[in-house]
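Inspection log for the structure reproduced underneath, given as structure tokens.
What follows is calculated from the coordinates using simple rules that are stated; it is not laboratory data. Because the structure is predicted, anything quoted here is derived from the model rather than measured. Every residue, glycine among them, receives a Cβ derived from its backbone with ideal geometry; neighbour counts consider all protein chains shown.
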Amino acid sequence: MPRASERRSPAAQRHADTVRFVLFEVRPAGLTFNQLVRSGELSPHQTRSGLACLRDTIAERGWPPLIWTRKDGYKFCADPAELQAYEVAVIRGKLTEIRLFITGTVAPHAALQPKGRWIKHLNTSLSSVESTLAVIADFTDA
């Protein structure tokens, strides 16, 4: 993902305006990435840059969140249930990523250096993050 300074360039802001305009035009439906590229007449790189800048702008201006689903693609959403489902899906993805990092990199490192301060600290911190994400990922409204 580009750095914040790159997302805020005038070009990125123009691309964000284009992406926002296209997504507002198709509301409440969404667009896949390829549809967004074609509809906005932007390159894939420009579209990604615009999406990144748009996410920052949304947060600043209090606009409805931008989400992505496999079914609908990118779209603005204000439905609490749909937002929660998206957030839980993202958290589950991050949890899988953290677990793979722990088992594929950190655990073998710990086996090589069982007394290292760094690896003990990293292992403790990542275990805490993993357990926190697991609680969120298992959350359901009863």
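In summary, the lysines within cross-link reach of residue 71, defined as a Cα separation below 21 angstrom excluding same-chain residues under 8 places away, comprise 94.
Shape of region 41-119 from the C-alpha gyration tensor: prolate (a/c of 1.5 or more and a/b above b/c, with a ≥ b ≥ c the square roots of its eigenvalues). Overall, the chain carries a charge dipole of about 520 debye about its Cα centre when +1 sits on the Cβ of Lys and Arg and -1 on the Cβ of Asp and Glu, all other atoms neutral. Considering only 96, 18, 105, the mean-square fluctuation computed in a Gaussian network model of the chain, springs between alpha carbons under 10 angstrom, is largest for 105.
Per-residue packing, averaged as other Cβ atoms within 10 Å, sorts the ranges 69-76, 9-16 into the order 9-16, 69-76, beginning with the highest. Computed from backbone phi, the HN-Hα couplings of region 89-103 come to 4, 5, 4, 4, x, 5, 4, 4, 4, 5, 4, 5, 5, 5, 6 Hz, rounded to whole numbers (Karplus: 6.51 cos²θ - 1.76 cosθ + 1.60, θ = phi - 60°; Gly and Pro given as x).
Answer rounded, prolate or oblate for the chain, using the Cα gyration tensor with square roots of eigenvalues a ≥ b ≥ c: rounded when a/c is under 1.5, else prolate when a/b is larger than b/c, else oblate. Prolate, since a/c reaches 1.5 and a/b exceeds b/c. With contacts taken as Cα pairs under 8 Å and at least 6 residues apart, region 28-142 reaches a relative contact order of 22 percent. Taking the Cα centre of region 96-142 as reference, the dipole from Cβ charges on Lys and Arg (+1) and Asp and Glu (-1) amounts to some 440 debye. Measure out, as a whole number of angstrom, how far apart the alpha-carbon centroids of region 8-29 and region 67-142 sit. What the calculation gives is 29 Å, centre to centre.
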